[in-house]
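Asker: There's a structure below that I have some questions on.
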């Protein structure tokens, strides 16, 4: 009886002691104590096993609770993560607040032309303006190591869906994406608007597909190599403009970073090629040309009428390259857009060829290779945040870009303003068929989430369409160039 009472008392005291050390950090110590009591005969093996079983249940419950708990943290944005790391999510957003200033007075041809100015078909009104260029809010999540999804709302002009997709990666080299997302063709387009090198993308971007609804297979089968192949509606986001039964657009891109293949983490030696093939219903042929400062529309595309003989066969091809070493980067892209169609009068095979080349220098020494991953550049981050009390820190960058727009094929018989009539072309091409632009840029990042940008854009228009009644009228004056100073205050997370 005394032994039983003693064992009962020891068991009770041991249980109380164990309960007082319920944390996981003491699990090993409490197990050792139980084993020691069993070895000394204070507890029987059955009693020790019973206590250890209880401890095992407590530890499993604690681990399960820890795994299911969600914690929040802030690092360049607000993110969430489950205790087991199998669920991650982030709230993201951006606001790009711009000011654009244009000077159309410094031009030899910039004088009113009586009887001509009002008859020029390509007439614009361009004003200095404040603008909310982008305002978006989104949610991105990844779970079970295989699934990723993102939803982004565009709030700048109206509440519309900007991005919405599900990515399935059961096998990392062969992933599938469904929904509305960026099509895989243009390096500038695939670079987030938060991270593009200048305030606006180049003329090349005007030819490339952007966000469309479709399906994509993509991945990185080898170190330094990426591929993507997509099928889409071939029209703008949130839309299917072609309700005819068609083959949709097929869009593909492949890239290689030779520096990564050589395991050189200090450099980027990027090369890429892309293509697209599809068709369009009757309507606008090609793309309009607007200056890279978002000023004048210097070129207006022709329109193929519904009475035409066929739809438009549209194909695109692109080449891209970038070399980065330390705080220096050079980058270039070329793209051709071909439109092939027939009217009752004749057949047309029309090309638009645009290209750009740029050079950038991170004055404060940040390396561009640090921002490159899977065939795309991300954003540079300052080594140290800007301290307004000492005026030290932050990231400074300067850059220059030259780009060309060439739709000279459209200054031809039947298509262009002032040429032989073709009833299938209901609206003729107008303005200038060519433009060349220089952009000089200065960028300051006080923090990784903040950008202040200043760009000066000079554009010359060439190859007038329509002769004496062609060209461009801006603010009631005929012009053949544009100069603009544009500024942006940007916040993103």
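Asker: Which of the residues belonging to segment 152-193 are within 18 Å of residue 255 (Cβ to Cβ), free of Cβ contacts under 8 Å to residues at least 60 places away in the same chain and not in a loop (DSSP other than H, G, I, E, B)? Full working, then the answer.
Answerer: Step one: filter segment 152-193 for residues within 18 Å of residue 255 (Cβ to Cβ), giving 172-175, 177, 181-192.
Right, trim to free of Cβ contacts under 8 Å to residues at least 60 places away in the same chain and you get 172-175, 177, 181-182, 189.
Once the filter is applied, which keeps residues that are within 18 Å of residue 255 (Cβ to Cβ), free of Cβ contacts under 8 Å to residues at least 60 places away in the same chain and not in a loop (DSSP other than H, G, I, E, B), segment 152-193 yields 174, 175, 177, 181, 182, 189.
Asker: While we're here: Is it the case, given these coordinates, that residue 291 is assigned by TED's automatic domain parsing to the domain that holds residue 409, surrounded by 15 or more Cβ atoms within 10 Å (Cβ to Cβ) and modelled with pLDDT of 95 or more?
Answerer: On the way: assigned by TED's automatic domain parsing to the domain that holds residue 409: yes; surrounded by 15 or more Cβ atoms within 10 Å (Cβ to Cβ): yes; modelled with pLDDT of 95 or more: yes.
Yes; evaluated as a whole, the condition is true for this residue.
Asker: Let me ask something else. Is it true that residue 275 is touching a strand residue (DSSP E or B) at 6+ places or on another chain (Cβ under 8 Å) and farther than 26 Å from residue 212 by Cα? Spell out how you get there, then give the answer.
Answerer: Values: touching a strand residue (DSSP E or B) at 6+ places or on another chain (Cβ under 8 Å): yes; farther than 26 Å from residue 212 by Cα: no.
When the stated conditions are applied, residue 275 does not pass them.
Asker: Applying the selection to segment 307-341, what residues are over 21 Å from residue 187 (Cβ atoms) and free of Cβ contacts under 8 Å to residues at least 60 places away in the same chain? Let's see the steps before the verdict.
Answerer: Here is the first cut: in segment 307-341, the residues over 21 Å from residue 187 (Cβ atoms) are 307-313, 339-341.
Matches in segment 307-341: 310, 312, 313, 339, 340, 341.
Asker: Kindly state which strands (runs of 3 or more DSSP E) lie completely within segment 390-493 and contain at least 1 residues that are modelled with pLDDT of 95 or more and under 34 Å from the mean Cα position of the chain (by Cα). Outline the logic, then answer.
Answerer: Working: elements: 395-406, 425-427, 430-447, 450-465, 472-474, 477-479, 481-492.
Filter on segment 390-493 gives 395-406, 430-447, 450-465, 481-492.
Asker: Another question about this same structure. Would it be correct to say that residue 172 is at positive phi, surrounded by fewer than 15 Cβ atoms within 10 Å (Cβ to Cβ) and not assigned by TED's automatic domain parsing to the domain that holds residue 272?
Answerer: Spelling it out, it is not the case that residue 172 is at positive phi, surrounded by fewer than 15 Cβ atoms within 10 Å (Cβ to Cβ) and not assigned by TED's automatic domain parsing to the domain that holds residue 272.
Asker: With (1) touching a helix residue (DSSP H, G or I) at 6+ places or on another chain (Cβ under 9 Å); (2) over 26 Å from residue 357 (Cα atoms) as the list, and residue 255 as the residue in question, which single condition is left unmet?
Answerer: (2)
Asker: Please tell me if residue 338 is assigned by TED's automatic domain parsing to the domain that holds residue 257 and assigned to a strand (DSSP E or B). I'd like the intermediate steps shown before the answer.
Answerer: Working: assigned by TED's automatic domain parsing to the domain that holds residue 257: yes; assigned to a strand (DSSP E or B): yes.
Considered against the rule, which asks whether it is assigned by TED's automatic domain parsing to the domain that holds residue 257 and assigned to a strand (DSSP E or B), residue 338 comes out as yes.
Asker: Something else now. Considering (1) buried (at least 20 other Cβ atoms within 10 Å of the Cβ); (2) assigned to a loop (DSSP other than H, G, I, E, B), say which one residue 310 fails and leave the rest.
Answerer: Single failed check for residue 310: (1).
Asker: Please state which one of 212, 200, 189 is in the same structural domain as residue 272 (by TED's automatic domain parsing) and either at positive phi or touching a helix residue (DSSP H, G or I) at 6+ places or on another chain (Cβ under 6 Å) (or both). Can you show your working first?
Answerer: Details: 212 fails: either at positive phi or touching a helix residue (DSSP H, G or I) at 6+ places or on another chain (Cβ under 6 Å) (or both); 200 fails: either at positive phi or touching a helix residue (DSSP H, G or I) at 6+ places or on another chain (Cβ under 6 Å) (or both).
None of the other options fit; the residue is 189.
Asker: I'd like the full set of residues that are under 24 Å from residue 420 (Cα atoms) and assigned to a strand (DSSP E or B), limited to segment 346-365. Can you show your working first?
Answerer: Here is the first cut: in segment 346-365, the residues under 24 Å from residue 420 (Cα atoms) are 346-352.
Once the filter is applied, which keeps residues that are under 24 Å from residue 420 (Cα atoms) and assigned to a strand (DSSP E or B), segment 346-365 yields 347, 348, 349, 350, 351, 352.
Asker: In the same structural domain as residue 379 (by TED's automatic domain parsing), surrounded by fewer than 16 Cβ atoms within 10 Å (Cβ to Cβ) and either under 28 Å from residue 337 (Cα atoms) or in contact with a helix residue (DSSP H, G or I) (Cβ under 7 Å, 6 or more places away or on another chain) (or both): is that true of residue 223 in this structure? Break it down stepwise before answering.
Answerer: Numbers: in the same structural domain as residue 379 (by TED's automatic domain parsing): yes; surrounded by fewer than 16 Cβ atoms within 10 Å (Cβ to Cβ): yes; either under 28 Å from residue 337 (Cα atoms) or in contact with a helix residue (DSSP H, G or I) (Cβ under 7 Å, 6 or more places away or on another chain) (or both): yes.
In short, yes.
Asker: Also, I was wondering about something else. If a residue must be assigned to a strand (DSSP E or B), touching a residue at least 24 places away in the same chain (Cβ under 8 Å) and farther than 22 Å from residue 200 by Cβ, how many such residues does segment 138-149 contain? Break it down into steps so the answer makes sense when it comes.
Answerer: Restricting attention to segment 138-149, the residues satisfying the condition of being assigned to a strand (DSSP E or B) are 138-143, 147-149.
With touching a residue at least 24 places away in the same chain (Cβ under 8 Å) added as a condition, the list becomes 138-143.
Next cut, farther than 22 Å from residue 200 by Cβ only: 139-143.
Here the count works out to 5.
Asker: Moving on to the next point. Which of the following residues is in the same structural domain as residue 195 (by TED's automatic domain parsing) and either touching a residue at least 60 places away in the same chain (Cβ under 8 Å) or in contact with a helix residue (DSSP H, G or I) (Cβ under 9 Å, 6 or more places away or on another chain) (or both): 400, 448?
Answerer: Working: 400 fails: either touching a residue at least 60 places away in the same chain (Cβ under 8 Å) or in contact with a helix residue (DSSP H, G or I) (Cβ under 9 Å, 6 or more places away or on another chain) (or both).
Within the list 400, 448, the selection yields 448.
The values are calculated or read from the model by the stated rules, or taken from the named source; none is laboratory data. Since the structure is predicted, the reported quantities are computational estimates derived from the model, not experimental observations. Counting neighbours? That spans all protein chains shown, and the Cβs are built from the backbone with ideal geometry, glycine included.
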